[in-house]
1. Quick one: work out Rg over Rh on the C-alpha atoms of the range 15-61, Rh as Kirkwood radius.
2. Calculate the FRET efficiency for Ala14 and Arg98 from the Cβ-Cβ distance with a Förster distance of 35 Å, rounded to the nearest 0.05.
3. Along the charge dipole of the range 10-98, pointing to its positive end and built from +1/-1 on Cβ of Lys, Arg, Asp and Glu, which listed residue (Tyr10, Val76, Val51) has its Cα farthest out?
4. Report the semi-axes of the equivalent ellipsoid for the chain in whole Å, largest first, where each axis is √(5λ) for an eigenvalue λ of the Cα gyration tensor.
5. Would you mind getting the accessible area per residue of the chain, heavy atoms of the protein chains only, 1.4 Å probe, in Å²?
6. Among Asp69, Asp28, Asp78, which one moves the most in a GNM of the chain with springs linking Cα atoms closer than 10 Å?
7. For the range 45-98, report the translational diffusion coefficient in µm²/s to the nearest whole number, using Stokes-Einstein at 10 °C, 1.306 mPa s, and a Kirkwood Rh over Cα pairs.
8. Once fully extended, how much extra length lies between Val76 and Arg88, figured as 0.36 nm per residue of separation less the alpha-carbon to alpha-carbon distance?
Amino acid sequence: DDSEVVVKTYPKRAAVREVLNEGRWMFDLKTSKGVYPSHFIQLGAYEGASVECGYEPTTSQAVVRVGADGDYEVRVSDAKLHHFLGIRSAWQTMEDLR
């Protein structure tokens, strides 16, 4: 069964709820002011490294951003290892050209 969870809280508004897929999840806890695309890329790298180390693949990954005030949000990621490897390849090319 899928489960409905609170994915974003607000000080003076109702919380946002979404249905998250059942399965094995990887969560990355962040304390930044927002959730950024680089966080998703990082999750793709974590998933790839985890599988390479012999762990079972997860079915879903998400960033959980928590604020100092206790508010939080959950953002599901679609990033895969190949997204991280593409960014790393571009970074290495720039380094090589220095």
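The values are calculated or read from the model by the stated rules, or taken from the named source; none is laboratory data. As the structure is a prediction and not an experimental result, all values here were calculated from the model. A quick note on method: Cβ atoms are made from the backbone with ideal geometry, for glycine too, and the neighbour counts reach across all protein chains shown. For the accessible areas, the whole protein counts, side chains as well, though only heavy atoms, and no ligand, DNA or RNA atoms are used. Shrake-Rupley method; radii C 1.70, N 1.55, O 1.52, S 1.80 Å.
1. 1.01
2. It comes to 0.10.
3. Tyr10
4. Working: eigenvalues 163, 70, 18 Å².
Value: 29, 19, 10 Å, ordered largest first.
5. Heavy-atom SASA per residue in the chain reads 71 Å².
6. Largest GNM mean-square fluctuation: Asp69.
7. Values: Rh = 13.5 Å.
Translational diffusion coefficient: 117 µm²/s.
8. Extra length available between Val76 and Arg88 comes to 2.1 nm.
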